[in-house]
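Derivation of every value follows stated rules applied to the coordinates shown; laboratory data play no part. A quick note: this is a predicted structure, and the numbers were derived from the prediction, not measured. Cβ sites come from the backbone with ideal geometry, for glycine too, and all protein chains shown count toward neighbours.
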Amino acid sequence: MIDAAIKDFGQIDALICNAAIGSTAINRPAIADATNEQWDTILDVNLWGPIYLCRSLVPHLRKAKRSDIVVLSSTALQTLKPGSGVYSVSKAALETMAHTMAREERVHGMRVNIVAPGLVDTDMGRKVVAAVGGPSDIRKLDEDMPFGFVCTPEDIAASVAHLCSEDGRYITNQRITIAGD
């Protein structure tokens with residue numbers, strides 16, 4: 001995949017690690033009750049996917065005058081709610097990787113940052129709301145949100161774009177929480 005992207009686009013300057021699955025994908029077990037299969041399901045996507053991408057793409061990113069890696073985490077690390085522990089562990093490991101890479105890759109002109117959204121109007125967000133007994137329409141939560149609306153993917157994308165732009169040229173090793181509070 002990396003080779004095909006480089007062939008098609010030439011120099012790649014940014015890697016955004018956004019793919020993830022949530023705790024609802026494994027039926028929200030307690031940490032001690034999660035099976036090896038449930039752990040593997042979450043870790044394969046949320047941790048190993050970004051590790052494989054970084055191992056494959058970072059040598060290429062080092063050749064750029066400036067490059068960025070942004071990993072998407074979650075405010076689940078701030079709330080640590082029962083039933084989301086396996087997911088939270090995967091995101092904690094991902095954040096550790098990002099903080100370490102920020103220090104390792106700075107000498108190559110690479111910025112590495114973390115964006116940690118709260119509830120976002122996505123398939124995953126709607127599944128979380130349903131799993132905790134919330135309304136069937138996530139938009140019914142708008143009035144309870146800090147700014148009167150549930151965060152959208154565009155809100156997250158704007159922050160990621162800022163980090164990867166010239167306006168974010170002096171930002172690295174940061175965790176930006178996007179939750180409206």
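The table below lists the values:
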| read-out | value |
| --- | --- |
| Output for the stretch 154-174, where each listed residue is closer than 11 Å to Val70 by Cβ and either of a type outside the set (Val, Ile, Thr) or not in a loop (DSSP other than H, G, I, E, B) (or both) | Ile156, Ala157, Ser159, Val160, Ala161, His162, Leu163, Cys164, Gly168, Gln174 |
| Some residue of the stretch 62-75 being aliphatic (A, V, I, L, M), free of Cβ contacts under 8 Å to residues at least 60 places away in the same chain and touching a strand residue (DSSP E or B) at 6+ places or on another chain (Cβ under 6 Å) | yes |
| Selected residue (only one of Ile42, Ile16 is touching a strand residue (DSSP E or B) at 6+ places or on another chain (Cβ under 6 Å) and not in a loop (DSSP other than H, G, I, E, B)) | Ile16 |
| Leading residue by the ranking (surrounded by the fewest Cβ atoms within 10 Å (Cβ to Cβ)) among those in the stretch 25-48 that are of a type in the set (D, E, K, R) and more than 30 Å from Ala64 (Cα to Cα) | Glu37 |
| Residues that are surrounded by 13 or more Cβ atoms within 10 Å (Cβ to Cβ) and polar (S, T, N, Q), drawn from the stretch 136-181 | Thr152, Ser159, Thr172, Asn173, Gln174, Thr177 |
| Of residues in the stretch 1-24 being surrounded by 11 or more Cβ atoms within 10 Å (Cβ to Cβ) and free of Cβ contacts under 8 Å to residues at least 40 places away in the same chain, the one farthest from Leu119 (Cα to Cα) | Ala5 |
| Top-ranked residue of the stretch 67-111 - restricted to ones that are among the charged types (D, E, K, R) and surrounded by 15 or more Cβ atoms within 10 Å (Cβ to Cβ), ranked as farthest from the chain's Cα centre (by Cα) | Glu105 |
| Criterion (exposed (fewer than 15 other Cβ atoms within 10 Å of the Cβ) and of a type in the set (Gly, Ala, Ser)) met by exactly one of Gly133, Gly125 | Gly133 |
| Residue match in the stretch 130-153 (condition: under 26 Å from Tyr52 (Cβ atoms) and not in a loop (DSSP other than H, G, I, E, B)) | yes |
